[in-house]
Amino acid sequence: MAGGSAAAAPERETWTSSTGFILAAVGSAVGLGNIWRFPGVAYESGGGAFLIPYLVALLTAGIPILFLDYAIGHRYRGAAPLSYRRMARPAEALGWFQIVLSFVIAVYYAAVIAWSLSYFVFAFDLRWGEDTAVFFTGEYLQVGDPEVSTTLVPGVAVPLVLVWVVVLAIIALGVSRGVQRVNVVFIPLLVVAFVGLVARALTLPGAADGLNALFTPDWAALADPGVWIAAYSQIFFSLSIAFGIMVTYASYQRRRANMTSSGLVVAFANSSFEILAGIGVFATLGFLAHQQASTVDQLEGLSGPILSFVTFPAVISEMPGGNLFGAVFFGALVLAGFTSIISILLGVAASVSEKFGLAHRTASIVVCGVCAVISIGLFSTTSGLIALDTVDQWANNVGIVVSAIVMTVLVAWVFRTAPVLRAHLNRVSTFQVGRVWYVLVGGLAPVLLTYMLVERVRTLLTEGYEGYPTWYLALFGWGAIALVVVGALILTLAPWRDRDDTDFHAWPELEEERR
Ligand code: PFF
């Protein structure tokens with residue numbers, strides 16, 4: 001019914017406290033990216049020297065864009081497409097671009113959680129045996145050639161179905177009864193488990209050598225643009241920014257909410273966790289090198305899925321009390337993964353519910369259902385690992401960078417809403433955002449990101465990726481990006497149901513209080 005005004009609309013659900021919001025936002029940020037990605041990326045990209053581009057990326061783009069996400073969501077009180085639309089009508093398309101991209105990420109992210117769940121169980125009897133590489137790609141994933149496979153691997157399909165059932169249940173319960181409750185329990189549990197893990201790792205023989213391997217700086221790496229690209233991509237993925245997800249989370253914050261201070265807490269917690277994970281993982285690898293009487297740099301498989309699912313199980317098998325260590329490690333991956341994937345799906349479900357006038361529960365079932373079917377169809381087949389690696393590469397090095405560039409340019413230059421957003425943040429928060437924010441959001445970030453994007457696209461076009469066939473990259477890499485663009489267009493052009501937004505005011509009470 002088109003006549004329903006904003007005043008008649010039901011109250012928007014909220015987090016029940018600031019702590020609830022912060023824990024949920026930390027839950028979204030701290031995920032597989034911290035444990036599964038960061039240690040390997042840091043090691044490959046200059047070790048200790050990587051901390052410089054990493055911190056630069058955090059300060060120049062990470063925190064400023066996190067604030068931007070928060071400002072848009074909190075001011076315009078909608079999931080990404082509705083919030084952007086309220087900011088400026090045509091910007092709705094950006095919201096859908098981000099949401100469809102998040103959807104793509106959720107599809108493969110769920111698969112990694114499913115693997116972690118299996119490995120949590122395998123840890124109890126060290127089922128991966130002696131040759132952990134053969135076990136992972138052969139016995140467990142049954143990896144074949146890069147092809148479009150339809151052969152289901154039951155060992156992956158079963159935990160994956162389980163993951164989707166749990167995710168759906170949490171999302172359907174909503175913001176405060178579902179997502180917040182899960183985070184309030186899972187995040188403290190995760191911290192305790194992880195601190196225990198790191199403490200144990202640091203007492204292993206050889207731990208110090210592992211830390212030296214991670215932190216010894218290779219200064220020459222700083223001259224490599226690829227290293228800077230890796231740092232910025234890591235920050236975006238890790239903080240969950242420019243995906244429209246933090247816009248959605250912020251939209252459930254209450255009126256009086258200290259947005260910027262919460263943002264600083266979240267960013268600090270996320271990076272601390274990331275560095276802690278680096279320490280834990282490399283201390284453990286130091287032990288492996290020590291056992292093999294070699295050095296860490298001679299070990300193979302120190303990045304990506306191989307690090308967690310091949311190298312780590314090998315260490316666990318050699319460690320006294322490895323079963324417990326393994327169960328806690330993979331259990332931590334599962335917890336961290338769940339709290340992140342629910343943020344993505346809440347964002348997607350909320351966007352669909354608002355646009356198509358569906359009840360939250362209906363939208364959750366539709367979104368999780370579609371996502372689950374694609375996820376199971378693509379990633380529990382024999383070509384799952386390669387598809388995952390390719391989609392991940394394109395989504396995070398092309399998709400999200402495009403999203404961040406468009407977002408910053410629209411806000412700073414096209415619709416010129418940066419001053420309104422800054423004023424909004426400063427009105428509700430204790431930590432005041434200075435004018436330097438304009439320079440970062442409107443200048444430095446888009447310029448750096450555009451340079452990075454051009455570099456990366458050039459490399460992908462000229463060198464391909466991991467030696468996979470060109471047709472395969474066209475289908476799963478560029479195809480994933482094309483799908484996001486087309487999906488975003490269709491969803492933008494679809495008509496809004498039951499929404500008359502003409503009398504929407506961004507927090508009229510706040511405006512009045514100021515007078
Ligand atoms: N930040 C999560 C991680 O580090 O694993 C992943 C993620 C969650 C990415 C939510 C994007 C997102 F919207």
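A quick yes/no check of all residues on (1) away from the ligand (no atom under 16 Å from the Cβ); (2) closer than 20 Å to TYR84 by Cβ; (3) not hydroxyl-bearing (Ser, Thr, Tyr):
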position: ALA359; (1), (2), (3): yes, no, yes
position: SER403; (1), (2), (3): no, yes, no
position: VAL409; (1), (2), (3): yes, yes, yes
position: PHE415; (1), (2), (3): yes, yes, yes
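Residue pairs whose Cβ atoms lie under 8 Å apart, separated by 6 or more positions or on different chains, with the first residue in region 219-243 and on the phi < 0 side of the Ramachandran plot and the second more than 14 Å from the ligand (Cβ to nearest atom) and of a type in the set (Asp, Glu), are PRO225/GLU455; GLY226/GLU455; ILE229/GLU455; ALA230/GLU44.
Going residue by residue through region 371-388, is there one that turns out to be open to solvent by 50 Å² or more (accessible area, probe 1.4 Å), under 20 Å from the mean Cα position of the chain (by Cα), closer than 22 Å to LEU489 by Cα and away from the ligand (no atom under 16 Å from the Cβ)? Yes, because at least one residue in region 371-388 is open to solvent by 50 Å² or more (accessible area, probe 1.4 Å), under 20 Å from the mean Cα position of the chain (by Cα), closer than 22 Å to LEU489 by Cα and away from the ligand (no atom under 16 Å from the Cβ). Residues in region 12-24 that are more than 16 Å from the ligand (Cβ to nearest atom) and open to solvent by less than 10 Å² (accessible area, probe 1.4 Å) were compared, and the one that is farthest from VAL334 (Cα to Cα) is TRP15.
Take region 32-49 and flag every residue that is of a type in the set (A, V, I, L, M, F, W, C), in contact with an Asp or Glu (Cβ under 7 Å, 6 or more places away or on another chain) and surrounded by 23 or more Cβ atoms within 10 Å (Cβ to Cβ).
Applying the first criterion (of a type in the set (A, V, I, L, M, F, W, C)) to region 32-49 yields 32, 35-36, 38, 41-42, 49.
Narrowing the set further to residues that are in contact with an Asp or Glu (Cβ under 7 Å, 6 or more places away or on another chain) leaves 38, 49.
Correct list: PHE38 only.
Does SER294 qualify as being among the hydroxyl-bearing types (Ser, Thr, Tyr) and within 13 Å of the ligand (Cβ to nearest atom)? No, not satisfied. Among residues of region 25-49 that are near the ligand (Cβ under 8 Å from one of its atoms), those with a Cβ under 7 angstrom from a residue that is modelled with pLDDT of 90 or more and outside any helix (DSSP H, G or I), sequence gap 6+ or separate chain, pair up as SER28/SER240; ALA29/SER240. Going through region 113-129 one residue at a time, which ones are surrounded by fewer than 24 Cβ atoms within 10 Å (Cβ to Cβ) and of a type outside the set (A, V, I, L, M, F, W, C)? Matches in region 113-129: SER118, ASP125, ARG127, GLY129.
Here's the yes/no breakdown for (1) open to solvent by 10 Å² or more (accessible area, probe 1.4 Å); (2) more than 16 Å from ILE400 (Cβ to Cβ):
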position	(1), (2)
VAL30	no, yes
LEU51	yes, yes
LEU58	yes, no
GLY62	no, no
ARG77	yes, yes
LEU94	yes, no
ALA111	no, yes
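In the condition set (1) surrounded by fewer than 19 Cβ atoms within 10 Å (Cβ to Cβ); (2) away from the ligand (no atom under 16 Å from the Cβ), ALA363 is compliant with all but (1).
No other residue among VAL121, VAL156 is of a type in the set (Val, Ile, Thr), at pLDDT 95 or above and more than 20 Å from MET246 (Cβ to Cβ) apart from VAL121. Of the residues making up region 424-440, those that are open to solvent by less than 70 Å² (accessible area, probe 1.4 Å) and either in a loop (DSSP other than H, G, I, E, B) or farther than 16 Å from GLY263 by Cα (or both) are SER429, VAL433, GLY434, TYR438, LEU440. Which one is modelled with the lowest pLDDT among residues in region 297-318 that are open to solvent by 10 Å² or more (accessible area, probe 1.4 Å) and of a type in the set (A, V, I, L, M)? The extreme case among them is LEU302.
In region 451-486, which residues are open to solvent by 60 Å² or more (accessible area, probe 1.4 Å) and touching a residue at least 40 places away in the same chain (Cβ under 8 Å)? Answer for region 451-486, where residues must be open to solvent by 60 Å² or more (accessible area, probe 1.4 Å) and touching a residue at least 40 places away in the same chain (Cβ under 8 Å): TYR451, GLU466, LEU475, TRP478, LEU483, VAL485.
Residues of region 233-247 that are modelled with pLDDT of 95 or more, within 7 Å of the ligand (Cβ to nearest atom) and assigned to a loop (DSSP other than H, G, I, E, B): PHE243 alone.
Against the list (1) modelled with pLDDT of 95 or more; (2) part of a helix (DSSP H, G or I); (3) within 16 Å of the ligand (Cβ to nearest atom); (4) open to solvent by less than 60 Å² (accessible area, probe 1.4 Å), the condition VAL265 fails is (4).
Out of everything in region 293-334 that is in contact with an Asp or Glu (Cβ under 9 Å, 6 or more places away or on another chain) and part of a loop (DSSP other than H, G, I, E, B), what residue ends up being farthest from LEU197 (Cα to Cα)? Among them, the one singled out is THR295.
Of all the criteria given as (1) open to solvent by less than 20 Å² (accessible area, probe 1.4 Å); (2) assigned to a loop (DSSP other than H, G, I, E, B), the one not satisfied by LEU358 is (1).
The values are calculated or read from the model by the stated rules, or taken from the named source; none is laboratory data. Please read all numbers here as calculations on a predicted model, not as lab measurements. For neighbour counting, all protein chains shown are included, and Cβ atoms are generated from backbone atoms with ideal geometry for every residue, glycine included. Side chains are part of the model used for accessible areas, which takes the heavy atoms of the whole protein and leaves out ligands, DNA and RNA. Shrake-Rupley method; radii C 1.70, N 1.55, O 1.52, S 1.80 Å.
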